[in-house]
Amino acid sequence: MYRAPRGTADILPDEQPFWRYVESTAAELCEQFGYRRIDTPSFESSSLFLRSVGEATDVVEKETYTFDDRSGDSMTLRPEGTAAVCRAYLEHGMHVQPQPVRLYSVRAPMFRYDRPQAGRYRQHHQASVEAIGDADAAVDAEIIELAWSIFSKLGLNDLTLLVNSIGDQVCRPGYLDVLRHYYQPHQDHLCADCKRRFQSNPLRLLDCNKESCQPYTIEAPRTVDHLCAECKEHWDQLTGYLDSLSLPYSVDHRLVRGFDYYTRTVFEVQPPVEGSQSAIGGGGRYDGLIQELGGRATPAVGFASGMERLILNLKRQGVGPPSADPGPLAMVAFVGDAARNAAVKLAASLRGKGLPIMLAPPGKSLKAQMRHAGALNARHTVILGEEELTQDVATVRDMATGKQRQVPMTGVAEALRPS
RNA sequence: GUGGGCGUGGCCAAGUGGUCAAGGCGCCAGGUUGUGGCCCUGGAGAUCGAGGGUUCGAAUCCCUUCGCCCACCCCA
C-alpha cells in the first residue's frame, strides 16, 4: 500500500476549511496593505539558493531536495520563498515600478529534508510577504504590523513578538570579531554544536539553548551594542515605529536567524505553547540579497509564516473557520427507472441555476437515498417517482422539519429557496 | 544526523503465549409495499506494519526491517 511520502500530508476535505480560512484571511489583509499576489515555481536553479540562503546554512547544506533534470541542470525544490521572489523581481524588471514593490504569496509549498515532527514537515506551505526597494525602517514596521495583523485576525492569542537587529555588512564583521573574542577563552566549555558554530557561524552561538552554554550566551556581547551609525539609526527608528504602533514586541538580543541574507532587522513570532517548533512566523530585512543575485543594490524586507503551524495553533487555541461544510441545498432522489431521466434532468437544470444540487445514489432504495441525504447534510430532498411523473410535480422535503410538499416541476428551484 | 515512544479492519480500541482476534464509530442492508436523522437486527471489512526466529502453539517472546510520533538539531 502506498503512503504519502514521509513528512508530507494529504490535506483532506475536512481540513480544507482551515486552509481556506488562513489563506483568505492572510490574502485579504495583504491586499488591504497594498500587497499584490505573486506565485513562483516550486523549483529553481540550485545555485539561486546557494547564493541567497547561504552555502553554510543547515537548510542548504543538508535539507534541500536537489536533482539534476534531464538536461543535466541542477534544480532544487525551493526550501524558502524569498530568493525566488527576488529572482522574479529582477527577471521582470520590477525596479521600474514604484518602490517598494509589495508582494505576497499564500499556500506556497516549501521543501526541506528534515526529520518530521510536530509542526515540521518535508513539504510545508507558507504565507509570505516581501517589500522590495525601500530601506526605511517604516517598511520594516509595516511588515511586522502586517504579520501581527494576520495572526490577530486569525484569532491567535498570547503570541510573542521578538525583534532584534543583527547589523549589516559594515558592522557585522566587527561584531563577529568581538563575539569570537568573547567566546575564545570559553571554547572548551561549549557544547559540541557551539564548538562547530564558533568556526562556521558564530552568530548562532547566541541562540544556543543548551544549559551548559547558558552562562556564556547570557553574558555575550549584544548585536545592538555594536551597530554602525546607520544600523543604529535604523534600529532606533524601527523601535520608535513599533512603539507608536503599540505592537507588543520585546527585544531579544539572542534572536538571529538561519539564513545568511538577513541584515539589520530580524523578528520572529512565537506561539504560547512550549515545544520545539517555536516560530509560527519570522522574517527580517535583506538589503544585500538582490545585489547578491545580480541586481543593483536594493533594500528589502519580508516575512514568512508556516500555514501548518498556524493551523496547528488555531486548533490548540480552539479558534478557526466560522462554520463547517453546509452540505448541498438539495439531494435529488428517484424511485423507479421511469423517473431516472427526469431526476438527472432536474438536477442538471437546478445546477444550471447555480444551486448546489447532488443526485442521490442512483439505483438504491429510497430509504438509502434519504439516509445519504441526511448523512451529507442536504437541506432538502427532492423526490421523483411514478406519482410525481404522471402529475409533472416533484416532492420537496425539508430535511430539518420533515415537512414535504408537492410542487410543479418548474417550481422546484423556487421551493428550495431559503424559507 | 542523534536519542526516546509506538505500530491490532477506514477511524478509535480490548486482548501481553493456547478457541488466528471483543467492543465502539463509520460503511452497507433490513425492520412489508416510495422516505433520512433515534432505536433494533444483520452484513461486509484484519493473514494483528513487514520479514525471519524461539515454541507443540504467538497479535502476545527475540532479531531485522519499514512506518508513524516525540525530543534534540534546524526552521515556518
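Any read-out appearing in this document is the output of simple, stated calculations on the displayed coordinates, not a laboratory observation. Model, not experiment: these values are computed from the prediction. For neighbour counting, all protein chains shown are included, and Cβ atoms are generated from backbone atoms with ideal geometry for every residue, glycine included.
Checking the a/c ratio against 1.5 first, then a/b against b/c, what shape does the Cα gyration tensor give for the stretch A:97-232? Because a/c hits 1.5 or more and a/b fails to exceed b/c, the stretch A:97-232 counts as oblate. Find the percent of Cα-Cα distances in the stretch A:291-345 that exceed 20 Å, and round it to a whole number. The proportion of pairs with Cα distances above 20 Å equals 67 percent. Given a Förster distance of 45 Å, report the FRET efficiency between A:SER45 and A:LYS195 from their Cβ-Cβ distance, rounded to the nearest 0.05. Working from the Cβ atoms, E equals 0.85. Straight-distance candidates among the lysines for linking to A:LYS315, with alpha-carbon spacing under 26 Å and chain neighbours fewer than 8 residues away dropped: A:LYS153. When only alpha carbons are used to place a centre, the stretch A:277-336 and the stretch A:380-419 end up 42 Å from one another. Stokes-Einstein, applied to the Kirkwood radius of the stretch A:167-306 over Cα pairs at a viscosity of 0.890 mPa s and 25 °C, places its translational diffusion at 150 µm² s⁻¹. Panel order for A:HIS125, A:HIS95, A:HIS253, by other beta carbons found within 10 Å of each beta carbon, from fewest to most: A:HIS95, A:HIS253, A:HIS125. With K and R counted +1 and D and E -1, the other residues having a Cβ less than 12 Å from that of A:MET94 yield a net charge of +1.
Remark: C-alpha extents of chain A on the principal axes read 95, 49, 48 Å, sorted largest to smallest. Remark: A:ASP188, A:ASP140, A:ASP252 ranked as A:ASP188, A:ASP252, A:ASP140, counting other beta-carbon atoms within 10 Å and listing the fewest first. Around the Cα centre of chain A, unit charges on the Cβ atoms of Lys, Arg, Asp and Glu (plus for the first two, minus for the last two) sum to a dipole of about 1580 debye. Farthest toward the positive end of the dipole of chain A, out of A:LEU77, A:SER246, A:ALA229, is the Cα of A:LEU77, where the dipole comes from beta carbon charges about the Cα centre. If R0 is 25 Å, the Cβ-Cβ spacing of A:SER246 and A:ASP158 corresponds to a FRET efficiency of close to 0.90. Extension gain, A:LYS367 to A:ASP136, is 76.4 nm, computed as 0.36 nm per intervening residue step minus the present C-alpha separation.
Note on chain A: dipole from Cβ charges, positive end direction compared against A:VAL344, A:GLN391, A:ILE143; the farthest Cα belongs to A:GLN391.
Of interest is the spacing of the C-alpha centroids, which for the stretch A:10-33 and the stretch A:192-250 amounts to 33 Å.
Between A:GLU61 and A:GLN32, the C-beta separation translates, for a Förster distance of 35 Å, into a calculated FRET efficiency of about 0.35.
Have a look at A:SER45, A:PHE18, A:PRO5 and report the one farthest towards the positive end of the charge dipole of the stretch A:1-62, computed about the Cα centre with Cβ charges (Lys/Arg +1, Asp/Glu -1). Sorting the options by dipole projection puts first A:SER45.
Residues of the stretch A:244-261 with an amide N closer than 16 Å to a point placed 7 Å from the Cα of A:HIS186 along the Cα-to-Cβ direction: A:253-256.
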